[in-house]
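Okay, so here's the structure we're looking at.
The values are calculated or read from the model by the stated rules, or taken from the named source; none is laboratory data. What you are looking at is a predicted structure, and each value in this text was computed from that prediction instead of being measured. Note: ideal-geometry Cβ built from the backbone for every residue, glycine included; neighbour counts use all protein chains shown. Calculation scope for accessible area: heavy atoms of the full protein, side chains included, ligands and nucleic acids excluded. Shrake-Rupley method; radii C 1.70, N 1.55, O 1.52, S 1.80 Å.
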Amino acid sequence: MIVDLEPKDNSRLYKTGIIQQTAYWSTVKKMQGIDTVSYNFKSKAKDLYGHGQEDTFIVGDVLIMLQHLDDEHCIAYVPYGPEIEPCEEQQGYFLEQLSEALRYYLPKSCIMIRYDLSWQSQWANEDDCYDLHGNWIGLPSKRVQEMRLNFSTENGNLHKANTDILPSNTLFMNLRESEDVLLGNMKPKTRYNINLARRKGVVIQFLGLESLEVWYDLYRQTAMRNNFFLHDINYFRIVLSAKTNNTASPADVYLLVASVEEKPLAAMFLVISANRATYLYGASSSENRNLMGTYALQWRAMQFAKEKGCTEYDFFGISPDADPSHPMYGLYRFKTGFGGRISHQMGCWDYPLDKSKYAYYSAMEFQNQSYHI
């Protein structure tokens, strides 16, 4: 199935709306001290999709992060890749074949490949995963998931990871619609809050590196309010400053800040790549929340993305359903107010290259797992 796998220069990665598979993201990770490698691969269309001419091939590529566990071991992490999504019946076999092909190129110290798949969940269209009102009620057990994905494989070596790293549930807005239609599809409260922010004098500015402290102050407040891990300011300096416009897969990064009378209310990082705009990071002040700066910020980001020719807007992460006990329920409630389409994705899947060391790593990870976004 996989033929002609070969290394490629990270700057030549193909253009894609998945920013984690772009040359831009490779540059970000390199600046953060993480090694990245990329490969081209070619597969028969018939093997990927179950139809097509025997001599028709599909060409793709994949960006991989090499994350070192210690001086002797590492894992190969594939963020939201590969982008090419086979038909459900062929997905497991495709991942198996790709993994075996990669085995000969990855370091001997690599104990596993972790695919963080943005593919639609194989259960997204299953009636049993929704209640009578159409609400998502969750996935079957790991064992059932593994049986299904491994059905077409030769060695049954794909394992559902103990935790997902990137969001496996998100919300997409169709930016092909007019602004009037987008506003009309929002919940009345969301539309009201956007108009309220305008009436209260909230303005949106596009700022640069010189204003990074403005972002970081809002981010620090958000982290303290929600009790999540606080990145160093240099992390965001890298995200905002990494430039890849001379590559095959360029991305543009913008820092948007909502303020009133020069008082910052909220801020966000917006990344535009190919036809997609992604709301990558967000933060807000603990004060003046009644001015609805976050709503004005999102609406301006969508308008700007449309101006740049984007056809979709990725809210990048919500809880899988409207469960108030879920750590991301607040994001679910806020983001779904804008309308859009909920996407349930496959999440992280592991392919062990060293089974004994993988078993030890997996057991330790399970004992120490925490919630990741």
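Here are the numbers:
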{"read-out": "Where 172, 151 fall by accessible area, highest first, once all protein chains stay in place (1.4 Å)", "value": "151, 172"}
{"read-out": "The chain, Cα convex hull volume normalised per residue, Å³", "value": "154"}
{"read-out": "Radius 12 Å from Cβ of residue 309, net charge of other residues (Lys, Arg +1; Asp, Glu -1)", "value": "+1"}
{"read-out": "Probe 1.4 Å - accessible area at residue 31, Å² to nearest ten", "value": "100"}
{"read-out": "Estimated Rh, region 59-156: Kirkwood, alpha-carbon pairs, angstrom", "value": "15.3"}
{"read-out": "Alpha carbon convex hull of region 210-337, projected area averaged over orientations, nm²", "value": "8.8"}
{"read-out": "Given charges at Cβ of Lys, Arg, Asp, Glu: region 167-231 dipole, positive-most of 174, 193, 218", "value": "193"}
{"read-out": "Sites excluded, GluC sites (Glu not before Pro) in DSSP loops with at most 12 other C-beta within 10 Å, longest stretch of the chain", "value": "155-260"}
{"read-out": "For region 28-99, radius of gyration divided by Kirkwood radius, i.e. Rg to Rh on alpha-carbons", "value": "1.08"}
{"read-out": "Region 263-373 - charge dipole about Cα centre, Lys and Arg +1 at Cβ, Asp and Glu -1, debye rounded to 20", "value": "380"}
{"read-out": "Dipole in debye (nearest 20) - region 146-200, about Cα centre, beta carbon charges: Lys, Arg +1; Asp, Glu -1", "value": "600"}
{"read-out": "With eigenvalues of the C-alpha gyration tensor scaled by 5 and rooted, region 21-61, Å", "value": "33, 8, 7"}
{"read-out": "For the chain, with +1 on Lys and Arg beta carbons and -1 on Asp and Glu, the positive-most of 255, 107, 31 along the dipole", "value": "255"}
{"read-out": "Accessible area, probe 1.4 Å, largest first, for residues 204, 194", "value": "204, 194"}
{"read-out": "Between region 126-179 and region 15-66, the alpha-carbon center distance in angstrom", "value": "21"}
{"read-out": "Largest-first ordering by accessible area, 1.4 Å probe, given options 351, 235", "value": "235, 351"}
{"read-out": "Estimated [θ] at 222 nm from DSSP helical runs (n ≥ 4, -39500 (n - 2.57)) normalised by residues in the chain, nearest 500", "value": "-9500 deg cm²/dmol"}
{"read-out": "DSSP-loop trypsin sites (Lys or Arg not before Pro) across region 110-204, with at most 12 other Cβ within 10 angstrom", "value": "176"}
{"read-out": "Summed residue charge, Cβ within 13 Å of residue 122's Cβ, Lys/Arg positive, Asp/Glu negative", "value": "-4"}
{"read-out": "Cut-off 10 Å between beta-carbons: net charge of the residues surrounding residue 285, Lys and Arg +1, Asp and Glu -1", "value": "+1"}
{"read-out": "Max mean-square fluctuation residue, GNM over the chain, Cα-Cα springs under 10 Å, options 293, 317, 134", "value": "134"}
{"read-out": "Dipole magnitude of region 1-145 about its Cα centre (Cβ charges: Lys, Arg +1; Asp, Glu -1), debye to nearest 20", "value": "480"}
{"read-out": "Carbon/sulfur fraction of accessible area - the chain, other protein chains in place, 1.4 Å, %", "value": "49"}
{"read-out": "Histogram of C-alpha separations across region 148-296, 10 Å bin width, %", "value": "9, 29, 33, 19, 7, 3, 0"}
{"read-out": "Among 325, 21, 345 the positive-end extreme of the charge dipole of the chain (Cβ point charges)", "value": "325"}
{"read-out": "Average accessible surface area per residue within the chain, 1.4 Å rolling probe, Å²", "value": "48"}
{"read-out": "Spin-label model distance (nm) - residue 307 vs residue 55, 7 Å beyond Cα toward Cβ", "value": "5.0"}
